[in-house]
Each structure stands twice: as C-alpha cells, then as structure tokens.
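Asks: Pasting in a structure now, in structure tokens, and then I'll have a few things to ask.
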Amino acid sequence: MATSGADWRPGLSMALNRVYDLVAVTLATVGTAVLEGDHLGPQLGAFTLFALAVWSAGSFVVSYYDPWAEREALDESALLLLLSFAVAVVLWFLQVSLDGYVELPAVSHLLLVLWPMVLAPRLLLFRRLALREQPLDEVLVVGAGPLGRCTAEDLQLRPRARRRVVGFLAFASDARADTVEGVPVLGRAEELEQVLRTRPVSEVYLAGHAARDADALQAAIRTCERLGVPFALPACSFRLGRARALLPGSSRDGYIHYVTHAPHHLPRAFKRLFDIVVSASALLALAPLLLVVAALVKLTSRGPIFFKQVRVGLHGRQFHMFKFRTMVVNAEALREKLLALNEQAGPVFKMKKDPRITRVGGFLRKHSIDELPQLINVLRGDMSIVGPRPPIPKEVAQYEAWQYRRLSVRPGLTCIWQVSGRNEISFEEWMYLDMRYIDHWSLSQDIGLILKTVPVVLTGRGAS
C-alpha cells in the first residue's frame, strides 16, 4: 500500500506539537499578565509552571496527543477550548484563593490569547504533518479472502489510523493469489510463527471465517499468545446497518484487540512519561561525567568513543543501541574465535576474563558506566528505564517460542536479572525472570527495581 511519501519519523509531529503548545502556554500566561501590569518575578514564574502542569495533565487525561486519535477539526477545536479554559480557570481560582498575591490575566483575556495560539498551528500544520509521517505500526493480516481485503482497504482509507499492512497469510479456503490489494501474500496461515520470527509487526489481524476457518484461527491465536504478539479478532460475524456498539471506541475498526499481558493503559503512559523525564534529566546532570568518560575511552585505546550495536526491541523491531566502547575495535570478529570459551548457557555470549575488553572498559563495564549512553535510546523511545535487556538478532534467532514473548514489551536498562546476580544465573532462569516481570508488571515494581539497581551498579556485583 502506498504511504504518504515523506520521511518524517513516526510520532515526530505530535512531539513537535507538544513542545509548541508548552511554549504557547508559557507565552500566553506571562504575556497577558505583563500586559495587565504585573511584573516578572518568582510568583509569576511559579504560576506559569502551574499552568504548564495543568495543560500537561489535562492533555494527558483527554489523550489529546494520542497519535491514534481520528478526531475531526471541530473536535480538535472543542478539546483545545476545554484545555485553555481549564488553565485559565485554575489560575484564576489560585489567584482568588491567595487574595491577589499576584496579578494574573483574567479568564477571558487568557482564553482570547491562548486558544488561537494553539488552535491555528494544530489545524494548519501539525495535523497535516502527521499525515506525512511513516505509519506508526505495521500489521499482518491472516486471511486473504473478502474480510482480509476489506480490512486492508479500511486501514488504507483511514490515513489517521496510522497503520500499514505489510503482508497477508492465506487460509486453506482462500483463493490462491500472489498479492491482495497490492500487498504480497507471504504464505499460508500455518506458517504464521515462521513469518512472525522474521518479520516484525505490531499486531496480527485474524480475518477468517469463524466457522470455516475455526481450527486455523484457533491455531493462529495460540501462536500469537505463545510469541507475545498482539492480535485482533472480528468484533462481529454479521454486517450491521443502523446498530452501534454500546461502547463505540472498543471496536472502532470492526475488531476486538488483544494483548498477552495486562494492558494497564494509564500506568504505562506514566511509565513512558517517567522515562522521558528521567532520561532527559539524567543526561543533563551526568553531562560532565559523560565527557570525562568519553575522553578516557578516546585517549586509552584506538577506535571510536561510542559502540553502536543492532539490538532487537519491541515486537522484534531492530534499533541501534549506544554504549561507550569497552572493547578493541575488532571485537565482533574476535567473538567468533572465542565462542568455545563461552561461560553462559544458551544463545548469549559471556566470559569473565574477555581478552577483548580494554583497561578502561573493564572498569566501565563493572560499574555499568558504559551503559549510560543508552539514556539516549530511552529518550528516543527505543528503550525504557526498566525492562528486559535488548538482545542481538543472533540471539533472537535461537530463541524458543516461549522466549520470544520477552519482546512483547519495550526493552530496558535494568530488570530483575540485573539485580539477581546478572552473569551468575543461567540463561533459562534469566528468561523466566523476564517473563515474571512482564506478567506481573506494575509501576511500584519498576521503582523497586530502580532502587535495587543503584547498589548493584555501585558495587559491580555479578558483572563481567
């Protein structure tokens, strides 16, 4: 299927929109207050920060920056009016409560300034840029019959759905074809596991006939559950005219969507917000240390400062993970010669006295200082602060089916394995610990793992 043709990365337009809106809230609050006679001071600065907090919280509650939202222009206008009004009313309430401690703009004045400032760019710029982005998610359709074709057409005709069909798998009852709606047929439905192992997708649409393809559909469901890949089933086997679902948002595209772990939408949104704030703050606070480490790496061994390695992330998508270089330049080539000395069971390679590690690199690895550049990966969204460590493609190729499910969540800097002995435990136990994290995830568990990671990093326990 054709895409919009631009090279904007997914989610960039909404990120720019969010930054612009925060700047607009700041300018509107400070500007209108100054025009009404207030002087710049700590009080006005504190109220401006409060306005930013109200805007951020309100936009989060109404999912204003949700890239999946398919709102019309009138809906966008109403939401922005609501958010602007919330900021103005809360600031007015604070001013009244503090008995005029600081003179803030009247509600009507702030609305007249803020609402147009955020509305015009949203309608004229950011909504259009969003349509020029690459699709957020690539999906696979199992079923090359009428329902599969209708599903692909629906996703293609809804540009704000932000999904792209990358392939079909045909049921035995489907007519044989090489392509469907211009998208290749990658094989038969029974080959789903092989396809998912080699083709990263965000979700699988199971577009089969409930009666005719029942056994094949059940097998596909089990495969998705085993691999931890989200999937969607038709919400209804009948075509409806006037009838509407009691909860319209639950099956907007005609499918009910499933995941293999509890979704926890609100806590996971807070997790991502936490990742952004912590990674950005840490990069700023640790900037002097990062510069010193970079100089030591460069001055003590030949080669680049950073080591960029391909890792496998959420749903099997590959990304470049950043680390300070701790090994000699030709470390990857030497790895093949050292495989016989591997001290870790399973597909990973670990040895305590690795001859490829430089003098400075040994200290950096022992205290996990070499991992600090991965805060950039966290800020970009490739990784999280807490989550299973991202594997390399060669390791994933050797995974058993149940181990593949660890790719169903975003990888992280630390997890249960890091605070449980790291290289002192077996590969299979490592995998079970990751599954336990996925199945019993909570924000409180993440905070606990972060607190446990600090002494492990400082002492270097279990590292090699």
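Asks: Let me confirm something: among I425, I392, which residue is surrounded by fewer than 18 Cβ atoms within 10 Å (Cβ to Cβ), free of Cβ contacts under 8 Å to residues at least 40 places away in the same chain and not charged (D, E, K, R)?
Replies: I425
Asks: Let me spell it out: the conditions are (1) closer than 30 Å to P393 by Cβ; (2) under 15 Å from the mean Cα position of the chain (by Cα); (3) at pLDDT 80 or above, and V277 meets all of them except one. Which number is the exception?
Replies: Only one criterion is unmet by V277, namely (1).
Asks: I'd like to verify a number: residues in region 275-288 that are open to solvent by 60 Å² or more (accessible area, probe 1.4 Å) and touching a helix residue (DSSP H, G or I) at 6+ places or on another chain (Cβ under 8 Å), how many?
Replies: 1
Listed here are the residues, each with its yes/no results for (1) modelled with pLDDT of 80 or more; (2) of a type outside the set (A, V, I, L, M, F, W, C).
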site: D38; (1), (2): no, yes
site: L44; (1), (2): no, no
site: S56; (1), (2): yes, yes
site: S59; (1), (2): yes, yes
site: W68; (1), (2): no, no
site: F85; (1), (2): yes, no
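Asks: Considering every residue within region 252-260, establish whether at least one is at pLDDT 80 or above, part of a helix (DSSP H, G or I) and surrounded by 14 or more Cβ atoms within 10 Å (Cβ to Cβ).
Replies: Scanning region 252-260 turns up no residue that is at pLDDT 80 or above, part of a helix (DSSP H, G or I) and surrounded by 14 or more Cβ atoms within 10 Å (Cβ to Cβ).
Asks: Among the residues of region 397-415, which ones are surrounded by 22 or more Cβ atoms within 10 Å (Cβ to Cβ) and without any contact (Cβ under 8 Å) to a residue 60 or more places away in the chain?
Replies: Once the filter is applied, which keeps residues that are surrounded by 22 or more Cβ atoms within 10 Å (Cβ to Cβ) and without any contact (Cβ under 8 Å) to a residue 60 or more places away in the chain, region 397-415 yields Q403, G412, L413, T414, C415.
Asks: Here are the criteria: (1) farther than 30 Å from L155 by Cα; (2) open to solvent by 30 Å² or more (accessible area, probe 1.4 Å); (3) modelled with pLDDT of 85 or more. Tell me which single one A24 does not satisfy.
Replies: (2)
Per-residue answers, yes or no, for (1) open to solvent by less than 40 Å² (accessible area, probe 1.4 Å); (2) modelled with pLDDT under 90; (3) under 23 Å from T414 (Cβ atoms); (4) outside any helix (DSSP H, G or I):
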residue	(1), (2), (3), (4)
R311	yes, no, yes, yes
H315	yes, yes, yes, no
V329	no, yes, no, yes
M351	yes, yes, yes, yes
V360	yes, yes, yes, no
L364	yes, yes, yes, no
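The values are calculated or read from the model by the stated rules, or taken from the named source; none is laboratory data. Here the structure is a predicted model, which is why all the values come from computation and not from measurement. Note that we place each Cβ from the backbone using ideal geometry, even for glycine, and neighbour counts take in every protein chain shown. Each accessible area value is taken on the protein alone, full model and side chains, heavy atoms only, with ligands, DNA and RNA left out. Shrake-Rupley method; radii C 1.70, N 1.55, O 1.52, S 1.80 Å.
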